[in-house]
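Engineer: First, the structure itself, so that you have it in front of you.
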Amino acid sequence: MTEETPREVTVTFTGSCKGNPGPGNWKAHLWEPATRKQDTPTGDVPNTTNIRMELTAALEGVLRVKAGASLTMIGSNYVVQCMNEWIAKWQANGWRKGGGGRVEHRELWEALIEAVKKHRRVTWRKA
């Protein structure tokens, strides 16, 4: 029996904020080349931070893709570097940074980690 090839989906995500904190918005663009299917969820938040909006965009993008897909996540340098390099260290250190300070937005990082576990493969790339 052969294993089915996973659906390939690209999620480009971005978040911004006017002031930090201040009013912000997020956007994720989902593209499935095989079916040419697209979706672009967005959201506005009255009082937030830029990082929170970038994380929300990534999370909302992942959550909109049916489990088992092969995802390419394209977004901010910060979120990509965190997912590729720092997350495992933060978890091992009890959600503390190298200097001992706590990792901000832990609840969003944990939600993103759980969401990507539902997919076959996730690749993180800088925009």
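Engineer: Restricting attention to the range 1-23, and to residues there that are of a type in the set (Gly, Ala, Ser) and under 16 Å from residue 61 (Cβ atoms), which single residue is surrounded by the fewest Cβ atoms within 10 Å (Cβ to Cβ)?
Structural biologist: Of the residues in the range 1-23, the ones of a type in the set (Gly, Ala, Ser) are 15-16, 19, 22.
Cutting the leftovers down to under 16 Å from residue 61 (Cβ atoms) gives us 15-16.
Details: 15: 26, 16: 17.
Only one residue fits best here, namely 16.
Engineer: For the structure I just gave you, tell me whether residue 61 is on the phi > 0 side of the Ramachandran plot and in contact (Cβ under 8 Å) with a residue 12 or more places away in the chain. Give the steps one after another, and end with the answer.
Structural biologist: Details: on the phi > 0 side of the Ramachandran plot: no; in contact (Cβ under 8 Å) with a residue 12 or more places away in the chain: yes.
Answer is no for this residue.
Engineer: Could you list, in sequence order, all residues of the range 33-81 that are more than 13 Å from residue 116 (Cβ to Cβ) and among the β-branched types (Val, Ile, Thr)?
Structural biologist: Answer for the range 33-81, where residues must be more than 13 Å from residue 116 (Cβ to Cβ) and among the β-branched types (Val, Ile, Thr): 35, 40, 42, 45, 48, 49, 51, 56, 74.
Engineer: Being within 15 Å of residue 55 (Cβ to Cβ) and either surrounded by 13 or more Cβ atoms within 10 Å (Cβ to Cβ) or aromatic (Phe, Trp, Tyr) (or both) is the filter here, so list the residues in the range 97-112 that pass it. First the steps, then the outcome.
Structural biologist: Filtering the range 97-112 for residues within 15 Å of residue 55 (Cβ to Cβ) gives 103-112.
Selection gives 103, 104, 105, 108, 109, 110, 111, 112.
Engineer: Further question on the same structure: Is it the case that the range 105-127 has a residue that's touching a Gly at 6+ places or on another chain (Cβ under 7 Å), among the aliphatic types (A, V, I, L, M) and part of a loop (DSSP other than H, G, I, E, B)? Working first, answer last.
Structural biologist: Taking the range 105-127 first, the residues touching a Gly at 6+ places or on another chain (Cβ under 7 Å) are 119-120, 127.
Still in the running and among the aliphatic types (A, V, I, L, M): 127.
With part of a loop (DSSP other than H, G, I, E, B) added as a condition, the list becomes 127.
Yes, because at least one residue in the range 105-127 is touching a Gly at 6+ places or on another chain (Cβ under 7 Å), among the aliphatic types (A, V, I, L, M) and part of a loop (DSSP other than H, G, I, E, B).
Engineer: Among the numbered criteria (1) assigned to a helix (DSSP H, G or I); (2) of a type outside the set (D, E, K, R); (3) closer than 28 Å to residue 23 by Cα; (4) out of contact with any Phe, Trp or Tyr (no Cβ under 7 Å at 6 or more places or on another chain), which one does residue 57 miss?
Structural biologist: With respect to (1) assigned to a helix (DSSP H, G or I); (2) of a type outside the set (D, E, K, R); (3) closer than 28 Å to residue 23 by Cα; (4) out of contact with any Phe, Trp or Tyr (no Cβ under 7 Å at 6 or more places or on another chain), residue 57 is out only on (4).
Engineer: Could I ask something else about it? Filtering the range 1-51 down to residues that are assigned to a loop (DSSP other than H, G, I, E, B) and more than 28 Å from residue 66 (Cβ to Cβ), which residue is modelled with the lowest pLDDT? Before you say what the answer is, go through the steps one by one.
Structural biologist: Keep residues of the range 1-51 that are assigned to a loop (DSSP other than H, G, I, E, B), which gives 1-7, 18-21, 33-36, 40-41, 49.
Retained after the next criterion (residues that are more than 28 Å from residue 66 (Cβ to Cβ)): 18-21, 49.
Values: 18: 96, 19: 92, 20: 89, 21: 94, 49: 96.
For the range 1-51, the residue satisfying everything is 20.
Engineer: Which of the residues spanning the range 60-71 are over 14 Å from residue 110 (Cα atoms) and either in a helix (DSSP H, G or I) or within 10 Å of the chain's Cα centre (by Cα) (or both)? Lay out the reasoning, then the answer.
Structural biologist: Within the range 60-71, the first condition is being over 14 Å from residue 110 (Cα atoms), and the residues that meet it are 61, 64-71.
Result: 61, single match.
Engineer: Would you point out the residue of the range 26-39, among those that are in contact with a Lys or Arg (Cβ under 9 Å, 6 or more places away or on another chain) and farther than 19 Å from residue 125 by Cα, that is surrounded by the most Cβ atoms within 10 Å (Cβ to Cβ)? Before you say what the answer is, go through the steps one by one.
Structural biologist: Just the residues of the range 26-39 that are in contact with a Lys or Arg (Cβ under 9 Å, 6 or more places away or on another chain), to begin with: 26, 28, 30-32, 34-35, 39.
Filter again for farther than 19 Å from residue 125 by Cα, leaving 34-35, 39.
Values: 34: 9, 35: 10, 39: 14.
That would be 39.
Engineer: Please indicate, with yes or no, whether at least one residue in the range 76-96 is among the hydroxyl-bearing types (Ser, Thr, Tyr) and either within 21 Å of residue 39 (Cα to Cα) or loosely packed, with under 13 Cβ neighbours inside 10 Å (or both). Break it down into steps so the answer makes sense when it comes.
Structural biologist: Pass one, the range 76-96, residues among the hydroxyl-bearing types (Ser, Thr, Tyr): 76, 78.
Checking the rest, the ones that are also either within 21 Å of residue 39 (Cα to Cα) or loosely packed, with under 13 Cβ neighbours inside 10 Å (or both) come to 76.
Yes, there is a match, as at least one residue in the range 76-96 is among the hydroxyl-bearing types (Ser, Thr, Tyr) and either within 21 Å of residue 39 (Cα to Cα) or loosely packed, with under 13 Cβ neighbours inside 10 Å (or both).
Engineer: Spot the failing condition for residue 87; the list is (1) in a helix (DSSP H, G or I); (2) more than 17 Å from residue 125 (Cβ to Cβ); (3) not polar (S, T, N, Q), and only one is missed.
Structural biologist: Failing condition for residue 87: (2).
Engineer: In this structure, is residue 30 within 17 Å of residue 114 (Cα to Cα) and in contact with a helix residue (DSSP H, G or I) (Cβ under 8 Å, 6 or more places away or on another chain)?
Structural biologist: For residue 30, the condition - within 17 Å of residue 114 (Cα to Cα) and in contact with a helix residue (DSSP H, G or I) (Cβ under 8 Å, 6 or more places away or on another chain) - is not met.
The values are calculated or read from the model by the stated rules, or taken from the named source; none is laboratory data. Only a predicted model underlies this, so the values are computations on that prediction, with no experimental measurement involved. Reconstructed Cβ throughout: ideal geometry from the backbone, glycine too, with neighbour counts over all protein chains shown.
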